[in-house]
Structure formats: structure tokens, C-alpha cells
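Asker: There's a structure below that I have some questions on.
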Amino acid sequence: MKAIVKPTAHLQGEINALSSKNYTTRYLLIGALADGTSTIYYPAHSEDSDAMRRCVRDLGAIIEEDDEKIVITGFGKHPKHVSELNVGNAGAVLRFLMSTAAFCPDVTFVNTYPESLGKRPHDDLIDTLQQMGVKVQHSNGRLPITIKGGQPRGGKLTVSGNVSSQFLSSLLFMTPLLEEDSEIEVLHDLKSKIIVGQTLEVLEQAGIIVHASEDLMHYRIPGKQSYQAKEYVIQGDYPGSAAILAAAAVTNSDVRVLRLEENSKQGEKACVDVLRAMGVNLTHDNGVVHVKGNQKLVAGEFDGDHFTDAVLAMVAAAVFAEGTSRFYNVENLRYKECDRITDYLNELRKAGADVEERQSEIIVHGKPQGVTGGVEINAHFDHRVIMALTVVGLRSEKGLIIRDAHHVAKSYPQYFDHLRSIGAQVELVSET
Ligand SMILES: O=C(O)C1=C[C@@H](OP(=O)(O)O)[C@@H](O)[C@H](O)C1
Ligand SMILES: C=C(OP(=O)(O)O)C(=O)O
């Protein structure tokens, strides 16, 4: 599918935020690891959350669902002995389930997105699983990966947090089910640290005890625990909504996004502060972010690691700001669905933006007058590239054509419908 994004000066209306992808994957996992029946209200429906649902079902969870909820009966620490799992293009789903798969004798995670997830490294988690006595076959730390588990051991473990927080989260979900107590030391740095807070939050809700040091670099996890079956309610998704808010920020607008809790643990809620710091006229009360855009933005400097999945949308807003913006501490954007520094900036340049890259920084020389556009954009299999380039297209002189825009469904299948409902001129055509 191609998205033909036309210049749009004005956006107006109200959008109900999509449901959080990262909470949906977590609640599905802890529902599956519980022995009883849990209920998850308002789950996300996207390729990634569907991947988690499909895989935990393959592993033996029983799932029933209707329009508002998923009812899931878990398998505890006794998953069905499947031979193959397909996580699609979902990094978090793969990494979280690699540890769960250690309870199975022989599971292969297949490589269905060789150009995207197939290129991402998983060595750091493979190392820790090997410390636990699990045998792992892999291709240079990448898919396809075969886990030969059975009886993983706890004890003293280390994991690197340099590339992704998902490796640590994966271990935090699995180690409470082991016979032994575990201690996890995070080596090097811990990127996307804030997201580990979401993992600890859901573990606590399921009655799991984890002793975490204040800096989130050391953990003590008692063994022989079990997940309680509970009721969970999924909140609105900040990473996806960040793109809607950025679109409102770069146009003349009067847009409200509902279901965005002020006290959420999602790091990407910082997008509200980032836009505010860029001079965007907005309020955030009672779960509603209300943007009254006037196309005027000012540049700023931001630590992007605090809002990793919203960085691309905020960079798109900075393309139109007065002055030079800097997003630093973002090296691990290079290890996501594409290289979100080199690949993304190449597409932004095609659209007419003035951007520079460093190993761990994105620098944007803003163009308040707008960009030319009028070119075709390569989506690089990346939903967040698609969403961010759409924002840029709205404020371009000649619009943008985004190829392979269907990949937006990885996290936000209704993105274009939502944007069109507030007046964005976007046409979707099938690619032949
Ligand atoms: O734990 C999670 O659910 C996620 C962690 C983040 O990844 P990294 O830790 O690799 O930055 C984030 O980008 C991803 O979308 C979801
Ligand atoms: C990086 C992302 O997801 P994942 O790592 O789970 O593929 C994302 O949603 O932007």
C-alpha cells in the first residue's frame, strides 16, 4: 500500500488514542505465565500484539475474546512443546518469548522479516540464556534462533543493557518461575531504562516480587513464584499518539487526543513536554492532550532515550522549528526495525529536511518555511518512519508518497484513518 500524503494546512477534531502496544504484549505474556484465567480490557490490535497473542496461544494459552476484552487462561511455567514460533516483525515479542521458550525442549523462532527483525541482534540475551544452561543455536546472534531448554537455572546472571532493555525485561518475566533465586546484574549501560518501569509495574500487579536497585542495574528475584491471574485495563498508547500530536503541532490545528493518562509510566509521555518545550500551545488534563497548533515551533535539545519510540515523531516536528534541534543519547535507534538514524535521515533529506547524524545523535536544522517534498519515500519496514514522514508530508509544498505504508499496522493499523478523521489529506492506494 502506498500513502499519498498531500499538504494539509489545518487539522481539527478528536481522536481516541489507540491502546498501548507495550502494555498489551506484557499483559498477554503475564496472563500466559499465570496458572488461572486473566482478563485484559481494551487490548491493542496490531501486528505486534497479534504476534504475542498467536505465540502464547501456540504455547498453550487458551484465549477467548470479544470487542472489548481478551480472556486468557495461562500455562504457567509449563508451555506446550511447540517446535516453531513466528513473531512476525515484533522485537519485544521475540525477546520476551526467548526466555519463556527456555521451558521448552526445542523451539525455533523463524525469520519472516529478513530485512527488518532478521537484521536485529539478540546476542546479549543469548549470552544470559547460555549462563542459565540453555542451548541456543543462532546465526550470528540473529534469527532464526533455536532454543533448547528444559530446566533453565537461576543464580547469578549478567545481561548487557547497551543495545536494548528488552533482554532484561525478558529475564525479569521468566526468572521468578525458576526453582532457584536469581540475581541479575546489568552490564554497561541500560538503554530505554524507563520502559523497565512498565515491566516492574505489571510484575507487581501479577503478585510477583522483584527487588530492584534504585538505578535499575541490579535485581534480586526469589524463585518458585507464580503469576496470579488478574484483571488488567490497557491505557492509551503514547508512542503512536506522539505522531498525531506532532501532526497537530506542525499544522494550524485544534486537536484533542483522549485516553493519554498524565501519570502513565510510558516514557513516551515526555512527547507532551518536548512539544511544549518547542513552544507548541497545548494542555494535558484529565487524560486529554489538546493541541492548538499555529505552525510555529522553536528548536530544543532533548535526551531521546527517555522517549525512544516517540523520537522520530518529535524529529519530524523539529524539521519545522526555528533553529537547530539536537536529539542525543539515541544510538539504540540504530537497532530497531531499521537504522532509525541513517535510514530515517536519508528519507527526511529526500523530503527536503536539513538533518545531520552522529553515532548517537540526530541534529535538525529547522525550516519554518516548510520543505519541498514531491518525492517517494522508502518505509524501511518501519511503522515509526511511516508515521513520522506522514507528519513531514502534511507540511510540505508538494506532498510525499510513502511506499509500503501498510507496515504502519505493526503498531497502529488505524493511523491513517485517525489522521483523515481530523482532516489530513491522505490517499491510500494499493501498490502493484
Ligand atoms: O519493552 C518494550 O516493550 C519495548 C522496549 C523498547 O525497545 P528497546 O529497549 O530495544 O529500546 C521499545 O523501543 C519497544 O518498542 C518496546
Ligand atoms: C522498536 C519497536 O518495537 P520492537 O522493538 O518491539 O520491534 C517500536 O515499536 O518502535
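The values are calculated or read from the model by the stated rules, or taken from the named source; none is laboratory data. What you are looking at is a predicted structure, and each value in this text was computed from that prediction instead of being measured. With ideal geometry, Cβ positions are generated from the backbone for all residues, glycine too; neighbour counts draw on all protein chains shown. Each accessible area value is taken on the protein alone, full model and side chains, heavy atoms only, with ligands, DNA and RNA left out. Shrake-Rupley method; radii C 1.70, N 1.55, O 1.52, S 1.80 Å.
Asker: Please specify each residue of the stretch 101-113 satisfying the condition of being out of contact with any Gly (no Cβ under 9 Å at 6 or more places or on another chain) and either within 14 Å of ligand 2 (Cβ to nearest atom) or touching a residue at least 40 places away in the same chain (Cβ under 8 Å) (or both). Please lay out each step first, then the result.
Answerer: Narrowing the stretch 101-113 to residues out of contact with any Gly (no Cβ under 9 Å at 6 or more places or on another chain): 108-110.
Residue satisfying the conditions is 109 alone.
Asker: Of all residues in the stretch 331-357 being under 24 Å from the mean Cα position of the chain (by Cα), in a loop (DSSP other than H, G, I, E, B) and buried (at least 20 other Cβ atoms within 10 Å of the Cβ), which is nearest to ligand 2 (Cβ to nearest atom)?
Answerer: Step by step, filter the stretch 331-357, then rank; the result is 336.
Asker: Also, I was wondering about something else. Just to be sure I understand, how many residues within the stretch 282-320 are part of a loop (DSSP other than H, G, I, E, B) and either over 18 Å from residue 236 (Cα atoms) or over 21 Å from the mean Cα position of the chain (by Cα) (or both)?
Answerer: Let us first name the residues in the stretch 282-320 that are part of a loop (DSSP other than H, G, I, E, B), namely 286-287, 292-293, 295-296, 299-300, 319-320.
Next, from what is left, pick out any that are either over 18 Å from residue 236 (Cα atoms) or over 21 Å from the mean Cα position of the chain (by Cα) (or both): 286, 292-293, 295-296, 299-300, 319-320.
Residues in the stretch 282-320 being part of a loop (DSSP other than H, G, I, E, B) and either over 18 Å from residue 236 (Cα atoms) or over 21 Å from the mean Cα position of the chain (by Cα) (or both): 9 in total.
Asker: How do the pairs read when you match residues in the stretch 401-412 that are over 23 Å from residue 7 (Cβ atoms) with residues anywhere that are among the basic types (Lys, Arg), using Cβ under 6 Å and keeping only pairs 6 or more apart or on different chains?
Answerer: So the pair list comes out as 411/21.
Asker: Provide a single number: the residues in the stretch 293-332 that are out of contact with any helix residue (DSSP H, G or I) (no Cβ under 8 Å at 6 or more places or on another chain) and within 15 Å of residue 243 (Cα to Cα).
Answerer: 1
Asker: From the list 400, 419, 389, exactly one residue is crowded, with 19+ Cβ neighbours inside 10 Å, touching a Leu at 6+ places or on another chain (Cβ under 9 Å) and more than 30 Å from residue 119 (Cα to Cα). Which is it? Lay out the reasoning, then the answer.
Answerer: On the way: 400 fails: more than 30 Å from residue 119 (Cα to Cα); 389 fails: more than 30 Å from residue 119 (Cα to Cα).
Criteria check complete, one pass: 419.
Asker: Now for a different question. If we only count strands (runs of 3 or more DSSP E) wholly inside the stretch 35-129, which ones have 2 or more residues that are open to solvent by 50 Å² or more (accessible area, probe 1.4 Å)? First the steps, then the outcome.
Answerer: Numbers: elements: 37-41, 62-65, 69-73, 107-109.
Ranges flagged: 37-41, 62-65.
Asker: If a residue must be within 16 Å of ligand 2 (Cβ to nearest atom) and open to solvent by 10 Å² or more (accessible area, probe 1.4 Å), how many such residues does the stretch 165-201 contain?
Answerer: Summing the residues that are within 16 Å of ligand 2 (Cβ to nearest atom) and open to solvent by 10 Å² or more (accessible area, probe 1.4 Å) in the stretch 165-201 gives 5.
Asker: Six or more apart or on different chains, Cβ atoms under 7 Å: show the pairs whose first residue is in the stretch 257-276 and free of Cβ contacts under 8 Å to residues at least 12 places away in the same chain and whose second is of a type in the set (Asp, Glu) and outside any loop (DSSP other than H, G, I, E, B).
Answerer: Close Cβ pairs (under 7 Å, with a partner that is of a type in the set (Asp, Glu) and outside any loop (DSSP other than H, G, I, E, B)) do not exist here.
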